[in-house]
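Below: the structure, in structure tokens.
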Amino acid sequence: MKRFAYQLTTNKEDAEDLVQDTYLKALKNYTKYVYESNLKAWTFTIMKNSFINSYRRSLRQKTISDQSAEGHSTKYVTAVSSFYPESEYTSKEIEKTIEDLKEDFKIPFKMYHEGFRYKEIAESLDIKLGTVKSRIFLARKQLRELVNS
């Protein structure tokens, strides 16, 4: 298990923490284990999911808040720039591109990236859940087209 944890984290201390977290979760959820199934696969799945969840959580915590003049709060993940160092866009250019979106797409998109869940956005804007998902998808698509043009 330590070897797999190290492959995921590439850090000895983080790998040990991940193994310990995996054991703890496995013990807490032992009633969910199906007897005579593959115990090793079950624990490795717990480990992989724990790693993914903690990685996503750490990305959400590494954000920069920007308060615009209209009172909307926008958050940007700082880790994005490290994934794409060749990017020519600054956060101000990205913000302007987001502001160029139609209101129907911009508001759900910004809310989603501020941490709201689809259901919360739907309730807040009084629209259907499918509409929220569609608008966020279309906003991403429009942003890709604007950035690549």
Assertion target for L125, L39, ordered by fewest C-beta neighbours within 10 angstrom first, is L39, L125
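Are there chymotrypsin sites (Phe, Trp or Tyr not before Pro) in segment 1-39 that DSSP puts in a loop and that have at most 15 other Cβ atoms within 10 Å, and which ones?
Qualifying residues, ordered by number: Y33, Y35.
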Under the 7 Å Cα-to-Cβ spin-label approximation, L129 and L146 lie apart by a distance in nanometres of 2.9 nm
Here, E99 and W42, labelled 7 Å along Cα→Cβ, have an inter-label distance in nm of 5.5 nm
Rounded to one decimal in nm, the spacing of the 7 Å Cα→Cβ label points at E13 and T31 is 3.6 nm
Going residue by residue through segment 32-41, the Karplus relation 6.51 cos²θ - 1.76 cosθ + 1.60 with θ = phi - 60° gives ³J(HN,Hα) values, rounded to whole Hz and with x marking Gly or Pro, of 8, 6, 8, 4, 6, 9, 6, 4, 4, 5
If each K or R counts +1 and each D or E counts -1, the residues other than S50 whose Cβ falls under 9 Å of its Cβ total +1
Note, segment 117-127: 3J(HN,Hα) by Karplus (6.51, -1.76, 1.60, θ = phi - 60°), whole Hz, Gly/Pro = x, goes 7, 3, 4, 5, 5, 4, 5, 5, 8, 6, 10
To the nearest 20 debye, segment 1-45 has a Cα-centred charge dipole, built from +1 on Lys and Arg Cβ and -1 on Asp and Glu Cβ, of 160 debye
Of the listed pairs K96/K128; K32/K119; K92/K141; K12/K48; K96/K119, those with alpha carbons more than 24 Å apart are K96/K128; K32/K119; K96/K119
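Bear in mind that the values in this text are calculations on the coordinates, not laboratory data. Since the model is a prediction, treat every value here as computed from it, not as a measurement. With ideal geometry, Cβ positions are generated from the backbone for all residues, glycine too; neighbour counts draw on all protein chains shown.
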